[in-house]
1. Please state which one of 103, 84, 79 is open to solvent by less than 40 Å² (accessible area, probe 1.4 Å), in contact with a strand residue (DSSP E or B) (Cβ under 7 Å, 6 or more places away or on another chain) and either in a loop (DSSP other than H, G, I, E, B) or without any contact (Cβ under 8 Å) to a residue 60 or more places away in the chain (or both).
2. Go through region 6-24 and give me each residue that's of a type in the set (Ser, Thr, Tyr) and out of contact with any Phe, Trp or Tyr (no Cβ under 6 Å at 6 or more places or on another chain).
3. Look through region 62-74, keep the residues that are closer than 17 Å to residue 104 by Cα and surrounded by fewer than 18 Cβ atoms within 10 Å (Cβ to Cβ), and return whichever of them is farthest from the chain's Cα centre (by Cα).
4. Within region 1-30, how many residues are assigned to a loop (DSSP other than H, G, I, E, B) and under 17 Å from residue 67 (Cα atoms)?
5. Considering (1) in a loop (DSSP other than H, G, I, E, B); (2) among the small types (Gly, Ala, Ser); (3) surrounded by 22 or more Cβ atoms within 10 Å (Cβ to Cβ), say which one residue 33 fails and leave the rest.
6. Within region 48-61, restricting attention to residues that are among the β-branched types (Val, Ile, Thr) and not in a loop (DSSP other than H, G, I, E, B), which residue is surrounded by the fewest Cβ atoms within 10 Å (Cβ to Cβ)?
7. Check residue 95 against each of (1) in contact (Cβ under 8 Å) with a residue 60 or more places away in the chain; (2) surrounded by fewer than 14 Cβ atoms within 10 Å (Cβ to Cβ) and name the one condition it does not meet.
8. Within region 36-47, restricting attention to residues that are aliphatic (A, V, I, L, M) and in a loop (DSSP other than H, G, I, E, B), which residue is most open to solvent (accessible area, probe 1.4 Å)?
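The values are calculated or read from the model by the stated rules, or taken from the named source; none is laboratory data. All values reported here derive from a predicted model rather than from experimental measurement. No Cβ is skipped: glycine too gets one built from the backbone with ideal geometry, and neighbour counts run over all protein chains shown. When the accessible area is computed, the model is the full protein with side chains, heavy atoms only, and any ligands, DNA or RNA have been set aside. Shrake-Rupley method; radii C 1.70, N 1.55, O 1.52, S 1.80 Å.
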Amino acid sequence: QLVESGGGLVQAGDSLRLSCAASGRTLSTYSMGWFRQAPEKARMFVAAISRSDNSTYYTNSVKGRFTISRDNAKNSVYLQMNNLKPEDTAVYYCARARLFYNLVYRLNDYDYWGQGTLVTVSS
């Protein structure tokens, strides 16, 4: 089970740090990702982190503002979000990539998902 936390209501320019904790399953051998879904829109890729060397991959709209990281000792993944914009408003989901998949961005490349945490950015 993946459980996200850290969402909330912030103003444009503020920062938030999302956390994703796993229970019952180790994340260390899997690539992990963050996705988001704005109201009435499809779920979209945000960021991914490698299962091995902590390489990262971001969608263009968050490059330079968001940072994905992981702490295998805590079985957790994080998304640091800086300089938030109103268009970042969405429910954010963490997900575990399928075994042997690495730094992937398609929904079907992930097989376990959290329940999501809402991030609202006011202008």
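1. Numbers: 103 fails: open to solvent by less than 40 Å² (accessible area, probe 1.4 Å); 79 fails: either in a loop (DSSP other than H, G, I, E, B) or without any contact (Cβ under 8 Å) to a residue 60 or more places away in the chain (or both).
Result: 84 is the single residue among 103, 84, 79 that is open to solvent by less than 40 Å² (accessible area, probe 1.4 Å), in contact with a strand residue (DSSP E or B) (Cβ under 7 Å, 6 or more places away or on another chain) and either in a loop (DSSP other than H, G, I, E, B) or without any contact (Cβ under 8 Å) to a residue 60 or more places away in the chain (or both).
2. Step one: filter region 6-24 for residues of a type in the set (Ser, Thr, Tyr), giving 15, 19, 23.
Correct list: 15, 23.
3. Step by step, filter region 62-74, then rank; the result is 63.
4. In the first step, residues of region 1-30 are kept if they are assigned to a loop (DSSP other than H, G, I, E, B); the result is 1, 6-7, 12-15, 23-30.
In the following step, the residues that additionally are under 17 Å from residue 67 (Cα atoms) were identified as 6-7, 13-15.
The total comes to 5.
5. Against the list (1) in a loop (DSSP other than H, G, I, E, B); (2) among the small types (Gly, Ala, Ser); (3) surrounded by 22 or more Cβ atoms within 10 Å (Cβ to Cβ), residue 33 comes up short only on (1).
6. Of the residues in region 48-61, the ones among the β-branched types (Val, Ile, Thr) are 49, 56, 59.
Subset that is not in a loop (DSSP other than H, G, I, E, B): 49, 56.
Values: 49: 26, 56: 16.
Filtering first and then ranking leaves 56.
7. (2)
8. So the first thing to find is which residues in region 36-47 are aliphatic (A, V, I, L, M), and the list is 38, 42, 44, 46-47.
Add one more test, that the residue is in a loop (DSSP other than H, G, I, E, B), and what stays is 38, 42.
Working: 38: 28, 42: 66 Å².
Across region 36-47, the extreme among qualifying residues is 42.
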